[in-house]
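To keep things clear, I will list the structure first and then write my remarks on it.
The values are calculated or read from the model by the stated rules, or taken from the named source; none is laboratory data. Remember, it's a predicted structure, so these values are computed and weren't measured experimentally. Every residue, glycine as well, gets a Cβ built from its backbone with ideal geometry; the counts of neighbours run over all protein chains shown.
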């Protein structure tokens, strides 16, 4: 109980905390680069610098003196490059001619600096990670507008995001809120901004900038959680489009009262499709086609063109399903949409890629 109280108290101060303290709670995606790829590049770079220095020493081997006597071999040159670039400097091989010393000043010394940068680059990267994340968080919080907040990165949330990405929404315009660190890690790897915390807490939603969002998708695992999240989101943003997925249809009225614009009953929708599939499986196939933007057909919305005003939506080149007028969907066939008006939007079927 005490732990829950402390956690709630900490979350209540999220938006007032300095940006550097939000690292780990709010995460801005980095460029997708495997750490093994980065490490391999550093190793190859270090070896290339060693060989470059060794080659220069070998070319100028007559200007070097070996304390053991004899002419320098390439192995000797590589040995000298290794101890020189690593700043070990045993002194058993030294440049004595003016040319060799000039090469050491103008070439070997810069190579030594580059070599050290490559070696400690990983450590520096780790040490500066929090600073870079804090800077990115600060910049993101100042500029984020008209994005979509997705609460829950389970099957429903992930599928909703895949559909949005398929429709051309940029990953940086999507913010995922969840309490599962594994789910947030997957979301971050997909290039999405993530916020760790319970979306029932208003300050967590503020951190996701719900107050500036254009839409909110609530894909919680429990209907009561969905109601609480919807209430909190609507309180913070009166204009955002809030879409909620629930399990039981008896909770639809609660979501409507809480401020949801659209409510999807996942269990009943799946059940209907299962029932239809037993008699007319091609209908289910077409529904899947319409819901998959990557191939075939898709349901889309567009503005009315000036040449279409006054005409019937049934006589257009597109297959029109309905007309959105004043924010209300009116299905084709209703008397009030026999003539298209200025400001209407058309809900139609389009081919993918158009």
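Tally the residues that are part of a loop (DSSP other than H, G, I, E, B) and at pLDDT below 90, restricting the search to segment 185-220. Summing the residues that are part of a loop (DSSP other than H, G, I, E, B) and at pLDDT below 90 in segment 185-220 gives 2. Is one or more of the residues making up segment 293-305 closer than 14 Å to residue 345 by Cα and free of Cβ contacts under 8 Å to residues at least 12 places away in the same chain? So far as segment 293-305 goes, yes, one or more of its residues are closer than 14 Å to residue 345 by Cα and free of Cβ contacts under 8 Å to residues at least 12 places away in the same chain.
Quick one: is residue 132 at pLDDT below 75, in contact with a helix residue (DSSP H, G or I) (Cβ under 6 Å, 6 or more places away or on another chain) and outside the structural domain of residue 199 (by TED's automatic domain parsing)? No; evaluated as a whole, the condition is false for this residue.
Residue-by-condition table, conditions (1) surrounded by 13 or more Cβ atoms within 10 Å (Cβ to Cβ); (2) assigned to a strand (DSSP E or B); (3) at pLDDT 90 or above:
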site: 242; (1), (2), (3): yes, yes, yes
site: 256; (1), (2), (3): yes, no, yes
site: 278; (1), (2), (3): no, no, no
site: 288; (1), (2), (3): no, no, no
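Counted as qualifying within segment 1-89 are the helices (runs of 4 or more DSSP H) with 2 or more residues that are at pLDDT 70 or above, farther than 30 Å from residue 172 by Cβ and in contact with a strand residue (DSSP E or B) (Cβ under 7 Å, 6 or more places away or on another chain), namely 74-85. Restricted to segment 335-350, and to residues there that are closer than 20 Å to residue 262 by Cβ and modelled with pLDDT under 90, the residue that is surrounded by the fewest Cβ atoms within 10 Å (Cβ to Cβ) is 349. For segment 161-180, filtered to residues that are in a helix (DSSP H, G or I) and modelled with pLDDT of 90 or more, the residue that is nearest to residue 237 (Cα to Cα) is 173. Among the residues here, residue 145 does not qualify as under 30 Å from residue 245 (Cα atoms), modelled with pLDDT of 70 or more and surrounded by 13 or more Cβ atoms within 10 Å (Cβ to Cβ).
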